[in-house]
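Scroll down for the structure; my scribbles are underneath it.
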Amino acid sequence: MTTERTSVENYLIDMDGVLMHEAQPVPGADAFLQKVAAAGLGYLVLTNNSIFTARDLQVRLRDAGLHIPADRIWTSALATAQFLHSQRPGGTAHAVGEAGLTTALHDIGYVLTDRSPEYVVLGETRTYSFEAITRAIRLVRDGSRFIATNPDPTGPSAEGLLPATGAVAALITRATGVTPYFVGKPNPLMMRSALNTLEAHSETTIMIGDRMDTDVIAGMEAGMETVLVLSGITSEVEIDRFPYRPSLVLPSIADLPVGVRPRHVSLSAA
C-alpha cells in the first residue's frame, strides 16, 4: 500500500506569461518567489527560449526587477544538451542558434562542426540566414540526426511576432523529409530533466504555466499537478477547448498560496 505524498516541495515555473508579460514583471511574481525561498522550497524557472544562457536571462530578469539565480533557470537549450549527453556523450553537432545553445553544447563536451556531424541541432536565433538553413538541410539530407530545442512556431518581440524554431524546423523538414525530435515543452522530457536538476519528485512538484498546449500538458504528462494562470496567452474561455484540464486556474501566480497543493486551494480565498 502506497502513501500519497501531500506536501509541496518544488515548483516548475514558466517564465513568459507567468513571471514576465511583454518584458514587464507580472505584479506579485517577485513576492511569490520570495515566499517560496523563505519556505525553503525549491523551484526552477522554465523557458523554451534557447537564445540566451541562464546567466544572460538572470541579468535580464534582474533588470526587470526579478531576482532569480542563474542555477534556478532551465532553458530548452540546457534540456537539449542534457538529452544529447544521455544519448551520445562527447558527440558532434552542427548548431544553428545563438549563445544559449552553443554554450550548452560546449559545456557537455560536444564538438561543434559542419563536417559530418552526428546531429544538426536547431535553436532559436534572430539571425537565421539562407546560408545557415541551406547548410542544415544538406547535413540532414546527408544523414545527420535532426534535433530542435522546441516546437514554438513564433516568438514575441517589441515589434510583434517573429518566426521561431518550429517554423524554421518545418522548412527544413519540408526540404529533407526528416522531422526533428523536439526536446522543449510540450515534451515532458524537458520537465523530467528539470526535475532531475532539482532532484525532485513529480508527486511533490507543481507546474505553473500560462499555456494549455505546452505547460499544462507537459506537466500533466510528467505526473505533476498543474496551475494555469491567466496572466499570459491563454484566456479562461479557451480552456474548455482542450480535452484535458489543469488542476487549478488562477488569475496570476500572485494568487497561488505557497506550499498548498492546487486541489486544496480555496478559490474564494484566492
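The values are calculated or read from the model by the stated rules, or taken from the named source; none is laboratory data. On a predicted model such as this, the values are computed, not experimentally measured, just so you know. Glycine gets a Cβ as well: all are built from the backbone with ideal geometry, and neighbour counts include every protein chain shown.
Looking at segment 191-207, which of its residues are of a type in the set (D, E, K, R) and free of Cβ contacts under 8 Å to residues at least 40 places away in the same chain?
Once the filter is applied, which keeps residues that are of a type in the set (D, E, K, R) and free of Cβ contacts under 8 Å to residues at least 40 places away in the same chain, segment 191-207 yields R192, E199.
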Item to check | Count of segment 215-226 residues which are part of a helix (DSSP H, G or I), without any contact (Cβ under 8 Å) to a residue 40 or more places away in the chain and touching a helix residue (DSSP H, G or I) at 6+ places or on another chain (Cβ under 8 Å) | outcome: 2
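Yes/no matrix, rows are residues, columns are (1) among the charged types (D, E, K, R); (2) within 19 Å of the chain's Cα centre (by Cα); (3) assigned to a helix (DSSP H, G or I):
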position	(1), (2), (3)
A194	no, yes, yes
D213	yes, yes, yes
D240	yes, no, yes
V249	no, no, no
Checklist entry - Are there any pairs, at least 6 apart or on different chains, whose C-beta atoms fall under 7 Å, with the first in segment 172-185 and touching a residue at least 24 places away in the same chain (Cβ under 8 Å) and the second crowded, with 24+ Cβ neighbours inside 10 Å and of a type in the set (D, E, K, R), and if so, which? => result K185/D215
Next on the checklist: Condition first: among the aliphatic types (A, V, I, L, M) and in a helix (DSSP H, G or I). Now tell me which residues in segment 196-209 satisfy that.
Outcome noted: L198
Item to check | segment 53-105 - residue that is outside the structural domain of V120 (by TED's automatic domain parsing) and among the basic types (K, R) and, of those, surrounded by the most Cβ atoms within 10 Å (Cβ to Cβ) | outcome: R72
Checklist entry - Among the residues of segment 218-232, is any within 16 Å of the chain's Cα centre (by Cα), under 25 Å from G97 (Cα atoms) and not assigned by TED's automatic domain parsing to the domain that holds V120? => result yes
Checklist entry - Inside segment 30-131, counting only helices (runs of 4 or more DSSP H) that do not spill past its ends, which hold 2 or more residues that are over 18 Å from the mean Cα position of the chain (by Cα), at pLDDT 95 or above and under 23 Å from F182 (Cα atoms)? => result 76-87, 99-107
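Pick from E236, E225, E221: which is over 26 Å from D30 (Cβ atoms) and among the charged types (D, E, K, R)?
On the way: E236 fails: over 26 Å from D30 (Cβ atoms); E225 fails: over 26 Å from D30 (Cβ atoms).
When all the criteria are applied, what remains is E221.
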